[in-house]
Number of protein chains: 2
Amino acid sequence: MSKNIQVLIDSLPSGKLQSTNYRLQESAVPLPGADEVLVKTTAVAITAGTRAGLQGSASYAGAPQAGIVMNGTGVGEVVASNVERFAVGAKVLAPTGWQTYSVHEAKALSLIDPAHEPVHYLGALGINGLTAYFGLLDVGQAAAGDTVMVSAAAGSVGHLVGQIAKIKGARVVGVCGDDAKAKVLTGDLGFDLAVNYKDANFRQSLKEATPDGVDVYFDNTGGMILGSALFRMNVGGRIACCGVVSQYDTASPEPGPKGIPGLLINKRIHMRGFLVFDFADRYAQARAELSGWLASGELQNLTDEVQGLEAAPEAFVDLLSGGNIGTRIVRVS
Amino acid sequence: MSKNIQVLIDSLPSGKLQSTNYRLQESAVPLPGADEVLVKTTAVAITAGTRAGLQGSASYAGAPQAGIVMNGTGVGEVVASNVERFAVGAKVLAPTGWQTYSVHEAKALSLIDPAHEPVHYLGALGINGLTAYFGLLDVGQAAAGDTVMVSAAAGSVGHLVGQIAKIKGARVVGVCGDDAKAKVLTGDLGFDLAVNYKDANFRQSLKEATPDGVDVYFDNTGGMILGSALFRMNVGGRIACCGVVSQYDTASPEPGPKGIPGLLINKRIHMRGFLVFDFADRYAQARAELSGWLASGELQNLTDEVQGLEAAPEAFVDLLSGGNIGTRIVRVS
């Protein structure tokens, strides 16, 4: 084994995140202690949600701070182990962070089913897929015949939400930030329509794209798109609040949408925030269904890969301005 | 019969409502046609929600407009009838509007149980009581041991919400706009605490009043109080969105609270708007329970009376700035 290459948080961002908020470091490869496992990272996912943790105001233990390795979920291979269940050579899902080697207790690791591509565990079979699944079907209560709207529709969660909604018989309208993404959504992934929120006539386009209104809005963005969705919601509609990507990359979030709570009342809307971890006791069931759709080709797991940890900071900054299509992954080895 | 005294909308308000937006008119007492009933108004309720209808932008048929009688729910007595079920002398609940006489089809009327004070049908046994009941227990899912927070707590709905929550074994914190109201809530109605939102240290007082957080927030106001509630909500808390009184009396509503959707996600909050009419098939059950509580003295129906229709416009303007304690009623005859 060589050195452990690590990407550290050098400073917390005061406004928009910059790649200079990070620095590379080489250190010795750590050794696993009793009941621990050493994992060599194969790939790590870059996700918008981790930007929220960089505000420095989070009060819970373990919030990211300057000087520590950037957090993130990865897939890797066990290279040394003091835990029987995780033999050397096993493929695992782990909170590796942005580094080539990391040591974990067994409870932090999940074994990867050899029937699947490991990187699927950073996408459709991982937190993204589970988030899309439970948010759409449990929180949003989407059903056949519904019109489902999803924001950040070409993102790591959004592109899965739309496909699952199609599998379940819904009509799907995706909201994204450029026309190339829109083409992927409707051309490759089977969305019925995609609308670009940066267009000057976005509200009108959204209206035309949802002639029967919206029954379920899967919200990854908050902000202006949430505000626009409120006007398209049907009576009794559901809003599944999953993320607030429009507000992560700033030190001063915007006010909330004007229609809250007025439009929630007039339209008797259910709006519910969720974290996927609350559904942990049903992951196995959801993974079984997601695996089946992947195997049948009904569900496509889009990844958007960059090479090498040294590219991770730029890839993260770019992702926050909407540069990715599908789940952005950094190939490490 | 003499004349029909009517309060007409003279002009829709362009900013805050003024009593000069109304004018009095005398006209002939109408005659009931086939299958119609003539009602003489005893009292009419003044409610903040009707202010929302005066924006002039409502697109549904029947939205209030200049030149028509101001809308409102009243109680009265049948004085002429072509409907067997509503005999002369019967007491009824009716959409009388602000006038002394009005003609109705049978389906618009409800008979008042002679066991109760008619004005209770404008309060605890009417729309206010039903709204409090279903909003708190169905939408908010309040249960024994919960901390329940309610805004506009001394208002027509709020004062009932807090009392029902106490009956069900919850701890109740009311938010109101002056200390006299706070004294009524805690002194007369059994609220555990009341907090004045106009105090400079409101947020701190609310925090101290809810040491175990808030499980159910019954929101009558929206705006800043909703924003403050979000910070006190517990994980898995429920927000029942009933009204937006902070935003009714203006042509330009404020933006929504900053914590939406971010705090909804972190705390997995269910936020749901409702209209009481959606629970119409269960009114009888709710009225039976509310009647029982009134009879036992567990529930007090506070009314705040003014005399005569000519006083109604001023009473409405005053109500919108928080002048009432309990349900404001105009005694007509």
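The values are calculated or read from the model by the stated rules, or taken from the named source; none is laboratory data. Everything numeric in this text was worked out from a predicted model, so none of it was measured. Here the Cβ is made from the backbone with ideal geometry for all residues, glycine too, and neighbour counts use every protein chain on show.
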Residues satisfying the stated conditions in region A:256-290, i.e. farther than 18 Å from B:GLN55 by Cα, in a helix (DSSP H, G or I) and among the small types (Gly, Ala, Ser): A:ALA280, A:ALA284, A:ALA286, A:ALA288
Any hit, region B:145-168, residues being part of a helix (DSSP H, G or I), farther than 27 Å from B:LYS198 by Cα and either touching a Ser or Thr at 6+ places or on another chain (Cβ under 6 Å) or assigned by TED's automatic domain parsing to the domain that holds B:VAL214 (or both): yes
Count of residues meeting criterion [in contact (Cβ under 8 Å) with a residue 40 or more places away in the chain and more than 21 Å from A:THR210 (Cβ to Cβ)] in region A:246-272: 4
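Quick check on B:VAL175: is it in contact (Cβ under 8 Å) with a residue 60 or more places away in the chain, more than 14 Å from every other protein chain (Cβ to nearest Cβ), assigned to a strand (DSSP E or B) and crowded, with 16+ Cβ neighbours inside 10 Å? First the steps, then the outcome.
Working: in contact (Cβ under 8 Å) with a residue 60 or more places away in the chain: no; more than 14 Å from every other protein chain (Cβ to nearest Cβ): yes; assigned to a strand (DSSP E or B): yes; crowded, with 16+ Cβ neighbours inside 10 Å: yes.
Considered against the rule, which asks whether it is in contact (Cβ under 8 Å) with a residue 60 or more places away in the chain, more than 14 Å from every other protein chain (Cβ to nearest Cβ), assigned to a strand (DSSP E or B) and crowded, with 16+ Cβ neighbours inside 10 Å, B:VAL175 comes out as no.
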From the options B:ALA61, B:ALA34, residue that is modelled with pLDDT of 95 or more and surrounded by fewer than 16 Cβ atoms within 10 Å (Cβ to Cβ): B:ALA34
Residue list for region B:200-217, filter: among the small types (Gly, Ala, Ser) and either buried (at least 18 other Cβ atoms within 10 Å of the Cβ) or over 10 Å from B:PHE231 (Cβ atoms) (or both): B:ALA200, B:SER205, B:ALA209
Extreme residue, nearest to the other protein chains (Cβ to nearest Cβ), among residues of region B:262-304 that are under 30 Å from A:ILE239 (Cβ atoms) and among the small types (Gly, Ala, Ser): B:GLY273
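Being part of a helix (DSSP H, G or I) and surrounded by 22 or more Cβ atoms within 10 Å (Cβ to Cβ) is the filter here, so list the residues in region B:135-144 that pass it. Show your work before the answer.
If we filter region B:135-144 for residues that are part of a helix (DSSP H, G or I), which is where we start, we get B:135-139.
Once the filter is applied, which keeps residues that are part of a helix (DSSP H, G or I) and surrounded by 22 or more Cβ atoms within 10 Å (Cβ to Cβ), region B:135-144 yields B:GLY135, B:LEU136, B:VAL139.
Any chance you could count how many residues in region B:217-255 are among the small types (Gly, Ala, Ser), within 21 Å of B:ALA132 (Cβ to Cβ) and not in a loop (DSSP other than H, G, I, E, B)?
First pass over region B:217-255, keeping only residues among the small types (Gly, Ala, Ser): B:222-223, B:227-229, B:236-237, B:240, B:243, B:246, B:251-252.
After this cut, where a residue has to be within 21 Å of B:ALA132 (Cβ to Cβ) as well, the list is B:222-223, B:229, B:237, B:240, B:243, B:246.
Of the ones still in play, those that are also not in a loop (DSSP other than H, G, I, E, B) are B:223, B:229, B:237, B:240, B:246.
Qualifying residue count for the region: 5.
Being crowded, with 23+ Cβ neighbours inside 10 Å and either within 14 Å of chain A (Cβ to nearest Cβ) or of a type in the set (A, V, I, L, M, F, W, C) (or both): is that true of B:MET233 here? So that I can check it myself, show each step before the final result.
Details: crowded, with 23+ Cβ neighbours inside 10 Å: yes; either within 14 Å of chain A (Cβ to nearest Cβ) or of a type in the set (A, V, I, L, M, F, W, C) (or both): yes.
Spelling it out, B:MET233 is indeed crowded, with 23+ Cβ neighbours inside 10 Å and either within 14 Å of chain A (Cβ to nearest Cβ) or of a type in the set (A, V, I, L, M, F, W, C) (or both).
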Residues within region B:113-126 that are surrounded by fewer than 23 Cβ atoms within 10 Å (Cβ to Cβ) and touching a strand residue (DSSP E or B) at 6+ places or on another chain (Cβ under 8 Å), tallied: 3
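Being within 20 Å of B:GLN163 (Cα to Cα), part of a helix (DSSP H, G or I), basic (Lys, Arg) and away from chain A (no Cβ under 14 Å) narrows it down to one of B:LYS207, B:LYS181, so name that one.
Working: B:LYS207 fails: within 20 Å of B:GLN163 (Cα to Cα).
Only one candidate qualifies: B:LYS181.
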